[in-house]
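Novice: Quick one: the structure is below, and I'll ask about it shortly.
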Amino acid sequence: MNITNEKVTEYLDGLYRPLTPQLEKLRKEAEAEGVPVILRDTERFLAVMLNITRPLRILEIGTAVGYSASCFAEICGERTQIVTLEAKAKMCERAEENIRRLGDGKQISVLAGDAAETMESLQPPFDFVFVDAAKSHYRAFFDGALKLCRKGSVLVCDNVLMKAKTASEEYDPKKKYRTSIRRMREFLEYITSSAQVETCVFPAGDGISVSVVK
């Protein structure tokens, strides 16, 4: 289920242009294997956000194959350092291999382990945070990352509409995702009512929240 309709998605995908041939190849490899990477319109949204904010340090929670971190490196250039956290050790190894192959090894640090725990050892501040990991733990990720941010830092969370399930339980007919839906709704209520950040939720990709630290 797309959160817009198929025609809109098809049209927007037609406007997409890969950042580099190498990243296009990595995207196709991941998609062929069913490994989740950021959607095309999400990628373009992030590219615009990064060009506006010009961050010096980026924290990513959820590395997968290293695609999005490598996109950030391509968009921001060598001036930006990226720390990306991944819970699965095997996925970390694969991400590191892809990142080295793309020539971003000196710019991107891949850290294995539980993200909430790993964040406790990181040094602030981070200017930009991208959360794209276990949806049921978004609040813990957000709170941990917020401690590492400064005034004006931007936190972006991906897939917050969960293929429209967050908006309506009719998109979860077998009730498989009741807990995830409840937690995501609680998370969105939390960040949109927080006095610490200014938040907007966009119906782009699979739903993107953008929070700016006050």
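The values are calculated or read from the model by the stated rules, or taken from the named source; none is laboratory data. It should be emphasised that the depicted structure is a prediction, and the values quoted were computed from it without experimental measurement. Cβ atoms come from the backbone with ideal geometry, glycine included; neighbour counts cover every protein chain shown.
Novice: Tally time: how many residues in the range 181-214 are hydrophobic (A, V, I, L, M, F, W, C), part of a strand (DSSP E or B) and under 9 Å from Val160 (Cα atoms)? Talk me through it step by step, then tell me what you get.
Specialist: The initial filter retains those residues of the range 181-214 that are hydrophobic (A, V, I, L, M, F, W, C), namely 181, 184, 187-188, 191, 195, 197, 200-202, 204, 208, 210, 212-213.
Still in the list and also part of a strand (DSSP E or B): 197, 200-202, 208, 210, 212-213.
Right, trim to under 9 Å from Val160 (Cα atoms) and you get 201, 208.
Residues meeting the conditions: 2.
Novice: Of the residues Ile82, Ile52, Ile58, only one is modelled with pLDDT of 95 or more and surrounded by fewer than 19 Cβ atoms within 10 Å (Cβ to Cβ); which? Write out each step before concluding.
Specialist: Details: Ile82 fails: surrounded by fewer than 19 Cβ atoms within 10 Å (Cβ to Cβ); Ile58 fails: surrounded by fewer than 19 Cβ atoms within 10 Å (Cβ to Cβ).
Unique residue meeting the criteria: Ile52.
Novice: Let me ask another. Residues of the range 80-126 being part of a loop (DSSP other than H, G, I, E, B), under 25 Å from Lys151 (Cα atoms) and small (Gly, Ala, Ser), which ones? First the steps, then the outcome.
Specialist: So the first thing to find is which residues in the range 80-126 are part of a loop (DSSP other than H, G, I, E, B), and the list is 80, 87-88, 102-107, 113-114, 120-125.
Filter once more, so that each one left must be under 25 Å from Lys151 (Cα atoms): 80, 107, 120-125.
Across the range 80-126, the qualifying residue is only Ser121.
Novice: Looking only at the range 174-193, which residues are polar (S, T, N, Q) and touching a strand residue (DSSP E or B) at 6+ places or on another chain (Cβ under 8 Å)?
Specialist: Keep residues of the range 174-193 that are polar (S, T, N, Q), which gives 179-180, 192-193.
Listed by number, the list holds a single entry, Thr192.
Novice: Suppose we filter Asn98, Asn159 for residues that are at positive phi and touching a residue at least 24 places away in the same chain (Cβ under 8 Å); which single one remains? Please lay out each step first, then the result.
Specialist: Numbers: Asn98 fails: at positive phi.
Residue meeting the stated conditions: Asn159.
Novice: In contact with a Gly (Cβ under 6 Å, 6 or more places away or on another chain), of a type in the set (S, T, N, Q) and modelled with pLDDT of 95 or more: is that true of Asn98 in this structure? Spell out the reasoning first.
Specialist: Details: in contact with a Gly (Cβ under 6 Å, 6 or more places away or on another chain): yes; of a type in the set (S, T, N, Q): yes; modelled with pLDDT of 95 or more: yes.
So Asn98 passes the test.
Novice: Regarding Glu120, is this residue touching a residue at least 12 places away in the same chain (Cβ under 8 Å), acidic (Asp, Glu) and surrounded by fewer than 18 Cβ atoms within 10 Å (Cβ to Cβ)? Please lay out each step first, then the result.
Specialist: Values: touching a residue at least 12 places away in the same chain (Cβ under 8 Å): yes; acidic (Asp, Glu): yes; surrounded by fewer than 18 Cβ atoms within 10 Å (Cβ to Cβ): yes.
So Glu120 fits the description; yes.
Novice: Here is a further query. Can you name the condition, by its number, that Ala69 falls short on among (1) crowded, with 23+ Cβ neighbours inside 10 Å; (2) at positive phi?
Specialist: Just one mismatch for Ala69, condition (2).
Novice: When the range 139-150 is examined, which residues are found to be more than 14 Å from the chain's Cα centre (by Cα) and buried (at least 22 other Cβ atoms within 10 Å of the Cβ)?
Specialist: Across the range 139-150, the qualifying residues are Gly144, Cys149.
Novice: Among the residues of the range 160-214, write down those that are among the polar types (S, T, N, Q) and closer than 19 Å to Leu46 by Cβ. Spell out how you get there, then give the answer.
Specialist: First, the residues of the range 160-214 that are among the polar types (S, T, N, Q): 166, 168, 179-180, 192-194, 196, 199, 209, 211.
Within the range 160-214, Thr199, Ser209, Ser211 qualify.
Novice: Something else: Pick from Ser209, Ser136, Ser180, Ser153: which is buried (at least 22 other Cβ atoms within 10 Å of the Cβ), in contact with a helix residue (DSSP H, G or I) (Cβ under 7 Å, 6 or more places away or on another chain) and of a type in the set (Ser, Thr, Tyr)? Talk me through it step by step, then tell me what you get.
Specialist: Working: Ser136 fails: buried (at least 22 other Cβ atoms within 10 Å of the Cβ); Ser180 fails: buried (at least 22 other Cβ atoms within 10 Å of the Cβ); Ser153 fails: in contact with a helix residue (DSSP H, G or I) (Cβ under 7 Å, 6 or more places away or on another chain).
Exactly one of Ser209, Ser136, Ser180, Ser153 is buried (at least 22 other Cβ atoms within 10 Å of the Cβ), in contact with a helix residue (DSSP H, G or I) (Cβ under 7 Å, 6 or more places away or on another chain) and of a type in the set (Ser, Thr, Tyr), namely Ser209.
Novice: Just checking, how many residues over the range 1-43 are more than 13 Å from Ala204 (Cβ to Cβ) and either surrounded by 13 or more Cβ atoms within 10 Å (Cβ to Cβ) or not β-branched (Val, Ile, Thr) (or both)? I'd like the intermediate steps shown before the answer.
Specialist: Of the range 1-43, the ones more than 13 Å from Ala204 (Cβ to Cβ) are 1, 5-7, 10-11, 14, 17-37.
If we keep only those that are either surrounded by 13 or more Cβ atoms within 10 Å (Cβ to Cβ) or not β-branched (Val, Ile, Thr) (or both) too, we end up with 1, 5-7, 10-11, 14, 17-19, 21-37.
The number of residues fulfilling the criteria is 27.
Novice: Which one of these does Ile52 not meet: (1) in contact (Cβ under 8 Å) with a residue 24 or more places away in the chain; (2) under 24 Å from Phe126 (Cβ atoms); (3) part of a helix (DSSP H, G or I)?
Specialist: Here Ile52 clears every test but (1).
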